[in-house]
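Report on one structure; see the data block that follows.
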Amino acid sequence: MRRLDLRKTQAARLNTIRDINRQIVLNYVREREPISRAEIARETDLQRSTISAIVEALTAEGLVEEVGEGESTGGRRPTLLKLRTKEAIAVGVAITPSCTTIASSDLAGRIIEREEFQTDADPVKTLKEIVSLIKQSSARNKGSIEAVGVSLPGLVDPSTGNAVYVPYFKWRDIPVAKTISAAIGLPVIIDNDANAVALAELWFGRPEVSDARDFILVLVAEGVGTGIIFDGQVYRGQRGAAGEFGHMVIGTQAPVPCSCGNSDCWEAFSSERAALARYVALSGEAPGTHFGFRELVDQALRGEPHAKMALIETAHYLGVGISNLVVGFSPEAVVVGGEIARAWSLIKDALMDTMEHSVRRGLASAQIMPSTLGEKPELRGALSLVLASKFAAAFAA
Ligand SMILES: [Zn+2]
């Protein structure tokens, strides 16, 4: 799915590329709502009659609706358009090593309801629970749900819908999409968590990110994953296996083993698990079962010195890996997502100091910034797998 670059798009005038114009109009409504037909005409050079015909079709499809009237610029007050958000159309399922979150959202990505359960390492049990919750959600929404997106912490083949390898649970070749789809009778799209979050940044992130054609999303969770956006779409590589930078070697004697079993991977130095292990070593106290990474961030933000130190040290290693990515890819931006983004004020200096020591010191470099997707970016990612397909350019898929 390729995101249109509105800055570079010239309205197509040929009938055969009517679909392109449809995507242009839909994306103007999405990005600038509420917007009038006249404004779209001014920005795109499309004929008013063409826009009206497209809007009529989009309205009939339930994608766009009219909302009130805008300011008059002389004549009649223009009718404004926005995305139709009367009902839930997507369900997102974020499977993470600790819990699985299921939520429904409208076309604009607003979450309507969400539920959570503890992920079972047995894929049969976890998939059964997912199916049961989707069925309930679908019934409550009286059939308005159109498709389901699933994000997974591992290697995924989106073309087959299989989880190829999920290290935390030792899942191998699990037909996730097929199993869920057969049970609920809806299309299911699955992807790796970091790819899904990168897609969410591309469509729903802050403008500096969503307008960038090339950026890297670093997802810090129980593991560390990266999603690469290249020319406005997710770069997948051979069999969808690109972006496994969490397993690049950046040192020796990490505080925790990597999910792959090695102890020299970036993930073993920079994940939430690594930060928690550092906190335990520094404070000398073993955290209870209710003390997780979220609590560590809370403590650090309250000024607890061991928690702060654990995060700052983790940020240093995060910066080492990001430096390597920036040297290799020279992206416009690097976005850091996950709970750690909440502690940006504490970790920013350590990250930047490390970056400054890289070979690119003194040169203009990628902007490094925290994700604005909020908590549970994996869930936003799972929903985006469905929503982006509505807005993406089918002709460039
Ligand atoms: Zn590894």
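The values are calculated or read from the model by the stated rules, or taken from the named source; none is laboratory data. Since the model is a prediction, treat every value here as computed from it, not as a measurement. Quick reminder, even Gly has a Cβ in these numbers, built from the backbone with ideal geometry, and neighbours come from all protein chains shown. Surface areas here come from the heavy atoms of the whole protein model, side chains and all, with no ligands, DNA or RNA. Shrake-Rupley method; radii C 1.70, N 1.55, O 1.52, S 1.80 Å.
Here Ser259 meets the list (1) crowded, with 22+ Cβ neighbours inside 10 Å; (2) at pLDDT 95 or above; (3) part of a loop (DSSP other than H, G, I, E, B) almost entirely, failing just condition (2). Within the stretch 30-53, the set of residues being touching a residue at least 12 places away in the same chain (Cβ under 8 Å), under 18 Å from Leu4 (Cα atoms) and either out of contact with any helix residue (DSSP H, G or I) (no Cβ under 8 Å at 6 or more places or on another chain) or open to solvent by 30 Å² or more (accessible area, probe 1.4 Å) (or both) comprises Arg30, Glu31, Glu33, Glu43, Asp45. Here Arg239 meets the list (1) away from the ligand (no atom under 14 Å from the Cβ); (2) free of Cβ contacts under 8 Å to residues at least 40 places away in the same chain almost entirely, failing just condition (2). With respect to the conditions (1) surrounded by 17 or more Cβ atoms within 10 Å (Cβ to Cβ); (2) of a type in the set (Gly, Ala, Ser); (3) away from the ligand (no atom under 12 Å from the Cβ), Ala183 lacks only one, and its number is (1). One residue alone among Glu56, Glu115, Glu66 is in contact with a helix residue (DSSP H, G or I) (Cβ under 7 Å, 6 or more places away or on another chain) and surrounded by fewer than 16 Cβ atoms within 10 Å (Cβ to Cβ), and that residue is Glu115. Among the residues making up the stretch 77-105, those that are over 29 Å from Asn162 (Cβ atoms) and assigned to a loop (DSSP other than H, G, I, E, B) are Arg77, Pro78, Arg84, Thr85, Lys86, Glu87. Only residues that are surrounded by fewer than 19 Cβ atoms within 10 Å (Cβ to Cβ) and in a loop (DSSP other than H, G, I, E, B) were counted in the stretch 122-166, giving 9.
Arg294: under 26 Å from Pro167 (Cβ atoms), among the basic types (Lys, Arg) and surrounded by fewer than 16 Cβ atoms within 10 Å (Cβ to Cβ), yes or no?
Details: under 26 Å from Pro167 (Cβ atoms): yes; among the basic types (Lys, Arg): yes; surrounded by fewer than 16 Cβ atoms within 10 Å (Cβ to Cβ): yes.
In short, yes.
For the stretch 262-277, what are the residues that are surrounded by fewer than 23 Cβ atoms within 10 Å (Cβ to Cβ) and more than 16 Å from the ligand (Cβ to nearest atom)? Correct list: Leu276 only.
The condition (being more than 16 Å from the ligand (Cβ to nearest atom) and closer than 30 Å to Gly292 by Cβ) is satisfied by just one residue among Ala212, Ala198, Ala221: Ala198.
Sort through Glu332, Glu375, Glu304 and tell me the only one that's over 22 Å from the mean Cα position of the chain (by Cα) and open to solvent by 40 Å² or more (accessible area, probe 1.4 Å).
Details: Glu332 fails: over 22 Å from the mean Cα position of the chain (by Cα); Glu375 fails: over 22 Å from the mean Cα position of the chain (by Cα).
Within the list Glu332, Glu375, Glu304, the selection yields Glu304.
Can you pull out the residues in the stretch 350-372 that are at pLDDT 95 or above and open to solvent by 40 Å² or more (accessible area, probe 1.4 Å)? The answer is none; no residue qualifies.
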